[in-house]
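The values are calculated or read from the model by the stated rules, or taken from the named source; none is laboratory data. Computed from a predicted model, the values in this text were never measured in an experiment. Heads up, the Cβs are rebuilt from the backbone with ideal geometry, glycines too, and the neighbour counts pull from every protein chain shown.
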Amino acid sequence: MSQSLLSVRDLSVAFSQGGRDSVAVDHISFDVARGETVALVGESGSGKSVSALSVLKLLPYPSASHPSGQIIFNGEDLLAKNERELRKVRGNKITMIFQEPMTSLNPLHTIEQQIGEILKLHRGMSDTAARARTLELLHEVGIREPEKRLGAYPHQMSGGQRQRVMIAMSLANEPELLIADEPTTALDVTVQAQILELLAGLKKKNNMSMLFITHDLGIVRRIADRVCVMTKGKIVETGPTREIFANPQHEYTRHLLAAEPKGRAPNPDPDAETVLSGQDIKVWFPIKAGFFRKTVDHVKAVDGIDIEVKAGQTLGIVGESGSGKTTLGLALSRMISSEGRIHLGDKEIDGFTFKQMRPLRREMQIVFQDPFGSLSPRMSVSEIIEEGLKIHQPQLDHDQRDAIVVDVLQEVGLDSATRFRYPHEFSGGQRQRIAIARAMVLKPRFVMLDEPTSALDMSVQAQVVDLLRDLQAKHRLAYLFISHDLKVVRALSNHVIVMRNGKVVEHGPVEQIFENPQTDYTKALIAAAFDIATAPEGVVSQ
Amino acid sequence: MSEIVTKTTVETVRQTKRPFLSPLNQRRWENFKANRRGYWSLWIFLVLFVLSLFAEFIANDKPVLASYKGEILFPVLVDYPEEKFGGFLAITDYRDPVIQEEIDANGWTIWPPIRYSYRTVNNDIPEAAPAKPSWLYDAETRCSRYYEGVDDPNCIKGNWNWLGTDDQARDVLARVIYGFRISVLFGLTLTIASAVIGVSAGAVQGYFGGWTDLIFQRVIEIWSSIPVLYLILIIAAVLPPGFFILLGIMLLFSWVAFVGVVRAEFLRARNFEYVNAARALGVSNRTIMFRHLLPNAMVATLTFLPFILNGSITTLTSLDFLGFGLPPGSASLGEMLRQGQRNLNAPWLGITGFLTLSIMLSLLIFIGEATRDAFDPRKTFR
C-alpha cells in the first residue's frame, strides 16, 4: 500500500439533542490510500454517512461534536482547521456526491452555471475558459450531446443524467479524494450500473481516491478495493474486498452477506380464480399547449395493457423508472382514472365512483414504498391500523377492534404492546410491517405492493419478503408486486410483466423471464440487477 | 392452554395505557417550557385573564354578599329593587349612604376590594374630575366630601381610586380591569372565529385544488383589497356600534389571514403517501381533511394565532380611540387612551392605558414566540 491520502484515527461523533448526548460514531479508524477505493458498508443508522460527512466537517455543528479523533488528509488534521481553511479543501481537494441528485442541484441554475460556478470560484477561470472546460467535463461523464445540454435545467434531465452532472461538478477541480455517499441508491438498476462504471473509469483515469458509502454489497464487490463494515457506530471488520467476501470473519459481516432475499414463490395453482383483471388499460395524461390549452398530445403512461392476478399468486411488474409500473397499479386499484375494463372478482368496477368504490376498498389494499411517508406521524400505531376497521366494520366496539389490532400486529411479527407508540419510534422495517398490518387487518383479497422493499435495508428486505410470502400462503392473497429490484421480484413472483414506456415488453412465468429473457431490454435489466453490468448504448435509458 | 396464554397477554397488553399527551406533544410542551419568558408570560397572562373574568367580584359598586333582615342577598348577581330596603328606585344604589345605613342596621354586607364598577361615577372626589390617585392626597383632603370627613364610615381603602379617576369621575382601575377583559375576550372570539372560517376555507381550497382553488383565490384577492378601516367607519355611522357588530364586521375580513398558510399546507400534504394510504382504505374526504391533514396545518395556524390575537386587540383599541368602537360608556382601553390624550394634565390616564396595553400585548407576543419554538421541529435547546 502506498502512503495513505486520508487517514481517520479514533474518530467519534456525538449528537446532543434535548440535553442528551448520543454517540453516532464510536472510535473508528480507517485509511484511504492514493488511487484506492474504500467502501464503508453498513445498514441505515450504522453511522457510515455521519463518518463521511465529518471528513469535511459538514455535520450540523454545534449540536454535533467530535469527542475524540483526528482526520489527517495530506498530513494535515482537518478537524483542527477552521471554517476558512476548510473551504479551500471542500470542493477542491476533496469533493462529495450525494444520494439525491434531484435536491443536490440548484433547480434555478442551468447546467452550465452550476459547473461553471465552481470553475470560476476555485480556479478563477474566465467565462469562455469555464465554458470549454464544462463541455469537456460533461463529455467526460458521458452526457450525450453536451453542447445541447449546457442550457438545460436540472428538472429537464433524468436522475441518471443529474447524477452525471453532479459527478462532473465534483470532478471540476480534479480532486484527490471523492466521497460518494450512496450515489446510486436513488437510481434505477440499469442507470446504477452505468454510473458505477463511469466512477470506476474516472477514478482510474484521474488517479483519484474514492471513499464510497453504500449499503449494497453487490456494489461493493464491484467497485471497492477495500471494505470497512460498520454497525452501530463501530467498524467491525476491515479488509480487502475479495477476502471479506470469501472469508468473512465477523458475525455481522456474515449476516449482511447472507441477507439477500431468498426463496421462490410456491408453484401456482393453475385453477385459481382470477381476483383482479384489466383489459386494455390506458392512462393517458394530456399535454396542453397554446392560449386555449388545447390538448395537442398525450403522455401515454400506460398504453393498453391486459393483466390478470389470481388468488394466492403474485404478479410482478418490473421496468425502469418512468415505465408506468406504479401508474398501472394505481389505475387497477382505481386510485386514478383510466380507460379499459377492470374486474374485481365478477364485478366490473371501472365505472364506479369514489363512493361506490368505498365498500370494495376492503378487498383491495395498497402497501406503499416509503414506510416513513405512508404512516401519519400524528397517529399511534393502533389508530393507524384501526382506521380501516372503523370504516368497513363500524359495528365493532372499541375492545373488539383492539383485539383485532393485537392479532394483526402479532401476525406481522410486531410486539402488540407497542401499539400505542407513534411511527417515529419504529425502524424502517418495523414501519413497513405496520403498513402491511394496516392492509391485512381488512382481510383483503388483492394487495398492491408498490416497491414495498426498496426503502429498506437488505437484511430487512429479506424478512419482509418472507413475511409477505407467509401471509399470501395463509390468506390466499393475490399480489400485484411492483418493483425495479429484480432480486426481490424473483423471490416473490409467479408471473412477471416487463414494462417500458407504458407498454408490455415481455411477460411470462418467472422462470422463463429470468432464465431465458427474450428481449434486449429484459436482458439488460437482469444483467444490471444481478451482475451490475451495463448494457450497450440505446437499450436502456441514461 | 394456548387460549389462556393469549388471553393473559391480551390482558397485560391492555394495561399499557396510552399517555395523556402524545410524545410529540410532550416534546412540544417541553420546548414551550424551555422558553422561560414565554412560559412565565403564559402563567401571568392566564392569572390576569382568569381574575378579569371575575371582574364583578373584584371591582363593583354592589356588595358581593349581603344579609338584610335575616335574608342572604347576592347583589352582584341579582338586581334588587330599592323598595326592598325602603326606597323607591327600580335599582338599588348600594353606594348611597342611606341604603348602606339601612342594610348595616339590619344585617351586614361584604364588599369587593374595589367599590367601583367601570361606569360608577364617584361623586365624592376631592377636586374636579379627573382626580388624582387617592394615595396622592392626605386623609383630610381625600375624605373631604364625605359627611363626617375622616371619621365617615366610607373613608376607607375600598373607596380609594387607586389609579385616579377619568374626566367623568369614573375609577380608572375598575375601567382597566373591565377593559382588559373585554379586549381579551374580543380578541379571543375574533381570533377563534376567524381561525375556524379561515382554516376551513384554506382546507377546502388546498385539498380540492384546481378550479375551486383558483376561484376562491381570486375572490379572496378582491375581498382583501377592500380598505377595512374605512368600511368600519362607514358601517359604524349606519349601525349602532356594539361588541357583536364590531366583531361581525372585523370577522368579515380577518379570516383571510389564515387561508394562505392553511391552503399551502394542504396543497403540500394532500399528496403525502399516508393520505393516499387513507384514500386506499376508503376514508372519506372529510375524514382525511380532519384527521390526516388538519394536524399538519394546525402547526402553522397555532403559530399565527397569538399574533392575530394581538392584531385584533390593537384594532379594537384603535377604533375605540377614534371613537368608532364600542358604545360610549363601555370599559375600553382605547377610550382611556383618548382621555389621556385630551387630559394631558392628568398623566395617570395616559400612563395607565399605555402600560396596560403594552404589558398585555407583550405577554401575548412572548407566548406566541414560545409557541413558535414549541412547534419548530428543528429547534434545539442547549
* Asked: Which condition breaks for A:Cys228 when tested against (1) more than 25 Å from A:Val460 (Cα to Cα); (2) at pLDDT 90 or above?
  -> (1)
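With A:Leu396, A:Leu414, A:Leu389 as the choices, which residue is assigned to a helix (DSSP H, G or I), more than 9 Å from chain B (Cβ to nearest Cβ) and among the aliphatic types (A, V, I, L, M)?
A:Leu389
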* Structure fact -> Exception for A:Ala455 within (1) surrounded by fewer than 18 Cβ atoms within 10 Å (Cβ to Cβ); (2) under 28 Å from the mean Cα position of the chain (by Cα); (3) assigned to a loop (DSSP other than H, G, I, E, B) falls at (1)
* To do: Give B:Met298, B:Met336 a once-over and let me know the one that is at negative phi and either crowded, with 21+ Cβ neighbours inside 10 Å or of a type in the set (Gly, Ala, Ser) (or both).
  => B:Met336
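Determine, yes or no, whether B:Leu316 is within 14 Å of chain A (Cβ to nearest Cβ) and in contact (Cβ under 8 Å) with a residue 60 or more places away in the chain.
No, not satisfied.
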* Could you give me the residue pairs with C-beta distances under 8 Å whose first residue belongs to the range A:133-157 and is not assigned by TED's automatic domain parsing to the domain that holds A:Ile118 and among the β-branched types (Val, Ile, Thr), whose second residue is surrounded by fewer than 17 Cβ atoms within 10 Å (Cβ to Cβ) and not in a helix (DSSP H, G or I) wherever it lies, and which are 6+ apart or on separate chains? => none
* Asked: Can you name the number of the only condition in (1) without any contact (Cβ under 8 Å) to a residue 60 or more places away in the chain; (2) touching an Asp or Glu at 6+ places or on another chain (Cβ under 6 Å) that A:Ser483 fails?
  -> (1)
* If only one of B:Ser52, B:Ser67 is surrounded by 13 or more Cβ atoms within 10 Å (Cβ to Cβ), in contact with a strand residue (DSSP E or B) (Cβ under 6 Å, 6 or more places away or on another chain) and touching a residue at least 40 places away in the same chain (Cβ under 8 Å), which one is it? -> B:Ser67
* Here are some conditions: (1) within 25 Å of A:Leu5 (Cβ to Cβ); (2) part of a helix (DSSP H, G or I); (3) in contact (Cβ under 8 Å) with a residue 12 or more places away in the chain. A:Ile213 meets all but one. Which one does it not meet? -> (2)
* Structure fact -> Among the residues of the range A:421-452, the number that are surrounded by 16 or more Cβ atoms within 10 Å (Cβ to Cβ), at the interface with chain B (Cβ under 10 Å from one of its Cβ atoms) and in a helix (DSSP H, G or I) is 4
* Would you check if B:Ile114 is touching a residue at least 12 places away in the same chain (Cβ under 8 Å), of a type outside the set (Ser, Thr, Tyr) and buried (at least 16 other Cβ atoms within 10 Å of the Cβ)? => yes
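Could you say whether any residue in the range B:356-371 is out of contact with any helix residue (DSSP H, G or I) (no Cβ under 8 Å at 6 or more places or on another chain) and touching a residue at least 12 places away in the same chain (Cβ under 8 Å)?
Within the range B:356-371, not a single residue is out of contact with any helix residue (DSSP H, G or I) (no Cβ under 8 Å at 6 or more places or on another chain) and touching a residue at least 12 places away in the same chain (Cβ under 8 Å).
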* Subset of the range B:275-313 [in contact with a Lys or Arg (Cβ under 6 Å, 6 or more places away or on another chain) and either more than 14 Å from chain A (Cβ to nearest Cβ) or basic (Lys, Arg) (or both)] -> B:Thr303
* Looking only at the range B:246-274, which residues are surrounded by 23 or more Cβ atoms within 10 Å (Cβ to Cβ) and within 12 Å of chain A (Cβ to nearest Cβ)? -> B:Tyr274
* Which of the following residues is of a type in the set (S, T, N, Q), surrounded by 18 or more Cβ atoms within 10 Å (Cβ to Cβ), over 30 Å from A:Thr134 (Cβ atoms) and in contact with an Asp or Glu (Cβ under 7 Å, 6 or more places away or on another chain): A:Ser7, A:Ser68? -> A:Ser7
* Hey, among the residues in the range A:359-386 that are in contact with a helix residue (DSSP H, G or I) (Cβ under 7 Å, 6 or more places away or on another chain), assigned to a helix (DSSP H, G or I) and of a type outside the set (A, V, I, L, M), which one's farthest from the other protein chains (Cβ to nearest Cβ)? -> A:Glu386
* Asked: Out of curiosity, is A:Leu525 surrounded by 23 or more Cβ atoms within 10 Å (Cβ to Cβ), away from every other protein chain (no Cβ under 14 Å), assigned to a helix (DSSP H, G or I) and of a type outside the set (Lys, Arg)?
  -> yes
* To do: Give, as residue ranges, the helices (runs of 4 or more DSSP H) completely inside the range A:1-106 that count at least 1 residues that are over 29 Å from A:Glu117 (Cα atoms) and more than 14 Å from chain B (Cβ to nearest Cβ).
  => A:48-55
* Looking at the range A:330-358, which of its residues are over 14 Å from A:Leu480 (Cβ atoms) and either facing chain B (nearest Cβ under 9 Å) or in a helix (DSSP H, G or I) (or both)? -> A:Phe354, A:Lys355, A:Gln356, A:Met357, A:Arg358
* Asked: When you scan the range A:217-240, how many residues do you find that are more than 17 Å from A:Lys48 (Cα to Cα) and touching an Asp or Glu at 6+ places or on another chain (Cβ under 8 Å)?
  -> 2
